[in-house]
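Asker: Pasting a structure below so you can have a look.
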Amino acid sequence: MLRNALSRLLGTPRPQAAEESRGGRVRLSLPPSMTASLGCDAVGVPALHGFRLMSHLPRAGCVFADADRWWWIVPAGSDLDLDWPEQVTYAHGADVPAVRPRLIHSPDGLTPYTPPIPLFLMVCQVVGVVPTWARSVVPAP
């Protein structure tokens with residue numbers, strides 16, 4: 001898996017990886033074979049943590065990368081009640097501040113998502129932050 005990601009990262013850019021850049025922002029585009037019925041957001045982590053995260057996650061969805069960040073595709077709303085560490089960039093709609101991100105990992109199945117809770121816990125561990133959740137007030141029945 002890591003060898004495949006490295007070869008894609010170092011390979012030629014793929015045209016379907018991202019839409020045209022708009023003012024330093026790019027909307028990540030999924031492979032045509034993927035269905036994103038839950039919508040898409042992206043979680044950006046510093047590139048120096050990318051391989052470590054990829055090797056320890058039980059399942060990785062679509063992952064994009066540029067020189068500065070690796071972007072993990074998660075279902076829309078994966079920021080609700082999660083306090084992502086400050087080293088992380090959370091991008092709604094997978095509209096990311098990036099320069100020429102390329103698709104470096106695509107899962108075998110039809111879903112592009114990395115499960116957000118394992119990603120959140122791994123990111124916290126890698127950057128040395130204790131995971132915290134926002135407290136939601138749910139009315140009692």
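Asker: Scan the range 91-107 for residues that are part of a strand (DSSP E or B), over 22 Å from Gly77 (Cβ atoms) and of a type in the set (A, V, I, L, M, F, W, C) and jot them down.
Answerer: Leu103, Ile104
Asker: Next up: Going by the structure shown, is Ser33 more than 22 Å from Trp133 (Cα to Cα) and of a type in the set (S, T, N, Q)?
Answerer: It is true that Ser33 is more than 22 Å from Trp133 (Cα to Cα) and of a type in the set (S, T, N, Q).
Asker: Let me ask you something else. For the range 90-106, what are the residues that are open to solvent by 40 Å² or more (accessible area, probe 1.4 Å) and on the phi < 0 side of the Ramachandran plot?
Answerer: Within the range 90-106, Tyr90, His92, Pro97, Val99, Arg102 qualify.
Asker: Select from the range 117-141 the residues that are open to solvent by 90 Å² or more (accessible area, probe 1.4 Å), closer than 25 Å to Gly61 by Cβ and modelled with pLDDT of 90 or more and list them in ascending order.
Answerer: Across the range 117-141, the qualifying residue is only Gln125.
Asker: Does at least one position in the range 65-79 carry a residue that is closer than 19 Å to Tyr113 by Cβ, crowded, with 21+ Cβ neighbours inside 10 Å, in contact with a strand residue (DSSP E or B) (Cβ under 8 Å, 6 or more places away or on another chain) and modelled with pLDDT under 95?
Answerer: Taking every residue of the range 65-79 in turn, at least one turns out to be closer than 19 Å to Tyr113 by Cβ, crowded, with 21+ Cβ neighbours inside 10 Å, in contact with a strand residue (DSSP E or B) (Cβ under 8 Å, 6 or more places away or on another chain) and modelled with pLDDT under 95.
The values are calculated or read from the model by the stated rules, or taken from the named source; none is laboratory data. Please read these numbers as outputs of a predicted model, since none were measured by experiment. So basically every Cβ, Gly included, is an ideal-geometry build from the backbone, and we count neighbours across all protein chains shown. Calculation scope for accessible area: heavy atoms of the full protein, side chains included, ligands and nucleic acids excluded. Shrake-Rupley method; radii C 1.70, N 1.55, O 1.52, S 1.80 Å.
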